[in-house]
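The values are calculated or read from the model by the stated rules, or taken from the named source; none is laboratory data. Only a predicted model underlies this, so the values are computations on that prediction, with no experimental measurement involved. Positions of Cβ are backbone-derived with ideal geometry, glycine not excepted, and every protein chain shown enters the neighbour counts. Each accessible area value is taken on the protein alone, full model and side chains, heavy atoms only, with ligands, DNA and RNA left out. Shrake-Rupley method; radii C 1.70, N 1.55, O 1.52, S 1.80 Å.
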Amino acid sequence: MEKNIPVVVIKEMSETDKILTALQNVGINCAEITFRTACAAEAIKYAREKYPTMNVGAGTIINAEQCKTALQAGAQFIVSPGLSVAVAEICKEKNIPYYPGCVTPTEIMQALELGITTVKFFPANIYGGLKALKALSGPFPQVKFIPTGGVDRNNIDEFLAFDKVAAIGGSFFVKEALEKMEG
């Protein structure tokens, strides 16, 4: 798994090349394209065709229908803001990594019951950040976290230094990559 998972919002298809090229130019070969826009599935399909070496997933997947659409478009992993049993079951059946948002012990236990050991921790800044991850790692030593929301250049190194952090998710990767390309 990549250590940096850019959260990519593509509002118009014309943005796809610019964003994905900028990410690759700074050495990031991964993109979580959010399902918050009308062209998300089309953007995933395009990204998979035009950027074959890039690990392209779908984010903000909140139900089975969106999950199926994302997988048909070619998503290589699925991310949700919360935990959906239906999405988990589809991903397990298709052997696709699923990273549900889990911030409470109950949610983490539900994920474990579904065979999921890497979860998104969102929004990390609201739910206690690194201190919360360290506390949750006590009863759940087998769990790895992908903190997203409130992680940025000021605190990313602290998060990455913690061995239970599998990766960092964030839109700031996209912003930085675009600034470097324009800069």
For a quick check, take a GNM of the chain with Cα springs below 10 Å and name the residue from Ala124, Ala38, Ala58 with the largest mean-square fluctuation.
Ala38
Chymotrypsin sites (Phe, Trp or Tyr not before Pro) restricted to segment 77-183 and DSSP loop, no more than 16 other C-beta within 10 Å:
Phe162
Computed over the chain: relative contact order in percent, which uses C-alpha pairs under 8 Å that are six or more apart:
22
Between their Cα atoms, which of Lys131/Lys180; Lys92/Lys131; Lys3/Lys175; Lys120/Lys175; Lys68/Lys120 are more than 24 Å away from each other?
Lys131/Lys180; Lys92/Lys131
Which value results for Rg/Rh of segment 99-154 when Rg is the Cα radius of gyration and Rh the Kirkwood radius based on the inverse mean 1/r?
0.95
When the chain is treated as a Gaussian network with springs between alpha carbons less than 10 Å apart, the largest mean-square fluctuation among Ala135, Ala22, Ala64 is found at Ala135
Roughly speaking, what is the stretch gain from Phe172 to Glu42, that is 0.36 nm per residue apart minus the C-alpha to C-alpha distance, in nm to one decimal?
44.5 nm
Using only helices, what value at 222 nm comes out for the chain when you add -39,500 (n - 2.57) per DSSP H run of length 4 or more and divide by the total residues, to the nearest 500 deg cm²/dmol?
-12000 deg cm²/dmol
Given points 7 Å out from each Cα along the Cα-Cβ axis, report the Asn25 to Val85 separation in nanometres with one decimal.
4.7
When the chain is modelled as a GNM with alpha-carbon springs shorter than 10 Å, which of Thr106, Thr148, Thr34 fluctuates the most?
Thr106
For the chain, which whole-number percentage of the solvent-accessible area (1.4 Å probe, protein heavy atoms only) is attributable to carbon and sulfur atoms?
51
As straight-line cross-link partners of Lys18, the qualifying aspartates and glutamates (C-alpha separation under 16 Å, not fewer than 8 residues apart within one chain) are Glu32, Glu42, Glu49, Glu176, Glu179, Glu182
Ratio Rg/Rh [Cα only; Rh per Kirkwood] for segment 24-90:
0.98
Which residue, Phe172, Cys91, Leu20, has the largest displacement toward the positive end of the dipole of the chain when charges sit on each Cβ (Lys, Arg +1; Asp, Glu -1)?
Cys91
Per residue, how large is the accessible surface of segment 46-183? Use a 1.4 angstrom probe and give square angstrom.
50
